[in-house]
Amino acid sequence: MNKIFRFNNRSSCTKPGSPRKYEAFTLIEMIVTILIMMVIMMMVAVTLNAMIRASLRSDVKLRVRDEVDTSLEIMKRFLSQADADEVRIYQSESIRSMNPGSMTIETSSTANLQQVYSSSAASGAANEIHILPPGGDRYICFGYFKVPQSYSPPNDFSPQPEQGFLVKTSYAVDNGYSPELCFDSSKADYKKNVIILNSDTINFADFILNFNSAGGENTYFDVKIGGKSNKWYGEDEQSLYYKQIAVSTGKLSIE
């Protein structure tokens, strides 16, 4: 046992004046190691980037779905409680648009409002629906308006050209309700009660309102919205999320 100890002790020493020997990596070994680490880090980065983008796409889809579903449910609630005689349908998209800077409704200076609002719009062509709830004293107004095509957005998170917005407001009967006033941004009723149902980054790109008689004194409404996000985290093209509701007015017929 002692001999082995002494042998190991002597073998670890160097003679005086003799050069020391050091063990180390060669330059080639270091380069190969660095290259391997770089490849591993690149693989990890690509995987993490794919996971993050997938998570962002999922969040975007959920947000679009939530805003479309919520908007339609609000419309459905008012329509299902209304009398058909108190529901008015108009087409004003040709003379009114959304101002993305102030998020207000702008009316063309050459518009003939009396002509536009003098008669109901045809099924499939309407962008405004005004509802007077039973026993209510205010018309609840829903309108679909687009940002002008000529608008130049400052970034991807701002409203984009031809982006669609669904706007809800109300107008008191006692304040002299007239259909052209409901979305008049200069009126106090509009300013106090306006709600934009979709956010700046969610585009309601498609809005379709169909209606016909449901028998008796009720009207059947079919409303469809197609939404998508302005910002998409994918190589593939983003598809519209469509949601549709079918609802009848709720007037009771007494025989």
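The values are calculated or read from the model by the stated rules, or taken from the named source; none is laboratory data. Bear in mind that the values here come from a model prediction, so they are computed numbers and not experimental data. Reconstructed Cβ throughout: ideal geometry from the backbone, glycine too, with neighbour counts over all protein chains shown.
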Subject >> Residue ranges of strands (runs of 3 or more DSSP E) in the stretch 86-152 with at least 2 members among the hydrophobic types (A, V, I, L, M, F, W, C) and buried (at least 21 other Cβ atoms within 10 Å of the Cβ) >> reply: 128-131, 138-146
Subject >> Failed item, numbered, when residue 159 is tested on (1) part of a loop (DSSP other than H, G, I, E, B); (2) surrounded by fewer than 18 Cβ atoms within 10 Å (Cβ to Cβ); (3) not acidic (Asp, Glu) >> reply: (2)
Subject >> Failed item in (1) of a type in the set (Ser, Thr, Tyr); (2) outside any strand (DSSP E or B); (3) out of contact with any helix residue (DSSP H, G or I) (no Cβ under 8 Å at 6 or more places or on another chain); (4) within 30 Å of residue 228 (Cβ to Cβ), with residue 185 passing the rest >> reply: (3)
Subject >> Enumeration of residues in the stretch 221-250 that are buried (at least 16 other Cβ atoms within 10 Å of the Cβ), of a type in the set (D, E, K, R) and touching a residue at least 24 places away in the same chain (Cβ under 8 Å) >> reply: 228, 243
**OP:** Give 101, 164, 143 a once-over and let me know the one that is modelled with pLDDT under 90 and under 22 Å from residue 193 (Cα atoms).
**Re:** 101
